[in-house]
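Visitor: Take this structure first; my questions come after.
The values are calculated or read from the model by the stated rules, or taken from the named source; none is laboratory data. Fair warning: this is a prediction, and the values are worked out from it, not measured in the lab. All Cβ positions, glycine included, derive from the backbone under ideal geometry; neighbour counts span all protein chains shown.
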Amino acid sequence: MTMRSVLVTGAASGIGEAIARRSARDGHRVVVADVDKQGADRVAAEIGGEAWHVDLADTGSLEGLRLECDVLVNNAGIQRVAPVHELDPDDFRLIHRLMLEAPFLLVRAALPHMYAQGWGRVINVSSAHGLRASAFKVAYVSAKHGLEGLSKVTALEGAPHRVTSNCINPAYVRTPLVEKQIADQAATHAIPEDEVIEKIMLTRSAIKRMCEPDEVAALAAFLISDDAGMVTGTSHTMDGGWTAQ
């Protein structure tokens, strides 16, 4: 496999960390981007990569950015759980800046280099919520739906330059982000925390377990590879059968 430069956002933990580690094992040069400086430094040191401490929610600072990465993985994300009429508008704006506006600006910054060399990969870590909705997640669901559109337009424009763009759409993945949701979901649905995984998180999944970060990383590794040259504009579900229903 040809060595590539891979930039992964939100790579200090969870899915992003798994993708960064898998990319390093596959022989790529990895930039670990995260607002968590300590976490980014730790992962970068452990995999022989480079840390980029960046607050992607500060989108104004990204507008003049130019990136020279061969592979861009847009993964950084947060969650807020509340009914539409109770969600703080600032939380809605924050999620959209971080999970839709920032990916646009990073893609915009990376494409000139990819186009110039005639090869590139954009991987957007979306969600089953990029294809389906759940109550109490209006900001997250709408941002992920927007990310799907961004990915498809990037695929169409990138095709003449051998640049592909795809989404990965897992259901609940065993990450710190999901762990933090359990208490919020328990309060919102008025059920004990130990019932949230079974009754809320896995209720729509035919396979009754969470997805593991390494499974998402394995799919990302395929999309990075030359074997995936004809795979673009797609949304790859890893949801245990959720969206099959």
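Visitor: Filter the range 198-245 down to residues that are within 16 Å of the chain's Cα centre (by Cα) and part of a loop (DSSP other than H, G, I, E, B) and give me whichever is nearest to ASN169 (Cα to Cα).
Guide: That would be ASP239.
Visitor: Exactly one of these conditions fails for LEU72: (1) over 30 Å from ASP184 (Cα atoms); (2) among the hydrophobic types (A, V, I, L, M, F, W, C); (3) in a loop (DSSP other than H, G, I, E, B). Give me its number.
Guide: Among (1) over 30 Å from ASP184 (Cα atoms); (2) among the hydrophobic types (A, V, I, L, M, F, W, C); (3) in a loop (DSSP other than H, G, I, E, B), the lone unmet condition for LEU72 is (3).
Visitor: What are the pairs with Cβ atoms under 8 angstrom where one residue, in the range 89-115, is small (Gly, Ala, Ser) and the other, located anywhere, is in a helix (DSSP H, G or I)? Sequence gap at least six, or different chains.
Guide: ALA102/THR59; ALA102/LEU62; ALA109/LEU62
Visitor: For the condition among the basic types (Lys, Arg) and outside any loop (DSSP other than H, G, I, E, B), what is the one hit in ARG66, ARG80, ARG121, ARG132?
Guide: Details: ARG66 fails: outside any loop (DSSP other than H, G, I, E, B); ARG80 fails: outside any loop (DSSP other than H, G, I, E, B); ARG132 fails: outside any loop (DSSP other than H, G, I, E, B).
Only one candidate passes the filter, namely ARG121.
Visitor: Looking at this structure, is GLU195 assigned to a helix (DSSP H, G or I), touching a Gly at 6+ places or on another chain (Cβ under 7 Å) and among the acidic types (Asp, Glu)?
Guide: Values: assigned to a helix (DSSP H, G or I): yes; touching a Gly at 6+ places or on another chain (Cβ under 7 Å): no; among the acidic types (Asp, Glu): yes.
Taking the combined requirement at face value, the residue does not satisfy it.
Visitor: Can you tell me which residues in the range 2-59 are polar (S, T, N, Q) and not in a loop (DSSP other than H, G, I, E, B)? Outline the logic, then answer.
Guide: Looking only at the range 2-59, we keep the residues that are polar (S, T, N, Q), and these are 2, 5, 9, 13, 23, 38, 59.
Of everything in the range 2-59, those that are polar (S, T, N, Q) and not in a loop (DSSP other than H, G, I, E, B) turn out to be SER5, THR9, SER23, GLN38, THR59.
Visitor: Picking from LEU100, LEU111, LEU65, LEU150, which residue would you name as being crowded, with 19+ Cβ neighbours inside 10 Å, over 28 Å from GLN245 (Cα atoms) and modelled with pLDDT of 95 or more?
Guide: On the way: LEU100 fails: over 28 Å from GLN245 (Cα atoms); LEU65 fails: crowded, with 19+ Cβ neighbours inside 10 Å; LEU150 fails: over 28 Å from GLN245 (Cα atoms).
Just a single option satisfies the conditions, and that option is LEU111.
Visitor: Here's something else I'd like to know. Suppose we filter ILE19, ILE78 for residues that are touching a residue at least 12 places away in the same chain (Cβ under 8 Å) and buried (at least 24 other Cβ atoms within 10 Å of the Cβ); which single one remains?
Guide: ILE19
Visitor: Test of understanding: among VAL178, VAL196, which residue is buried (at least 16 other Cβ atoms within 10 Å of the Cβ), farther than 27 Å from ILE123 by Cβ and at pLDDT below 85? Talk me through it step by step, then tell me what you get.
Guide: Working: VAL178 fails: farther than 27 Å from ILE123 by Cβ.
Selected residue: VAL196, the only one of VAL178, VAL196 that is buried (at least 16 other Cβ atoms within 10 Å of the Cβ), farther than 27 Å from ILE123 by Cβ and at pLDDT below 85.
Visitor: Could you tell me whether any residue of the range 162-182 is free of Cβ contacts under 8 Å to residues at least 24 places away in the same chain, under 21 Å from GLY14 (Cα atoms), assigned to a helix (DSSP H, G or I) and not charged (D, E, K, R)? First the steps, then the outcome.
Guide: Narrowing the range 162-182 to residues free of Cβ contacts under 8 Å to residues at least 24 places away in the same chain: 179, 182.
Filter once more, keeping what is under 21 Å from GLY14 (Cα atoms): 179, 182.
Imposing the further condition that a residue be assigned to a helix (DSSP H, G or I) reduces the set to 179, 182.
Still in the list and also not charged (D, E, K, R): 182.
Yes, the conditions are met somewhere in the range 162-182.
Visitor: Being small (Gly, Ala, Ser) and buried (at least 16 other Cβ atoms within 10 Å of the Cβ) is the requirement here; does ALA51 meet it? First the steps, then the outcome.
Guide: Working: small (Gly, Ala, Ser): yes; buried (at least 16 other Cβ atoms within 10 Å of the Cβ): yes.
Yes: the conditions hold for ALA51.
Visitor: Can you tell me which residues in the range 226-236 are in contact with a Cys (Cβ under 9 Å, 6 or more places away or on another chain) and not small (Gly, Ala, Ser)?
Guide: THR234, HIS236
Visitor: Any idea how many residues of the range 38-48 are surrounded by fewer than 23 Cβ atoms within 10 Å (Cβ to Cβ) and under 18 Å from GLY77 (Cβ atoms)?
Guide: Qualifying residue count for the region: 1.
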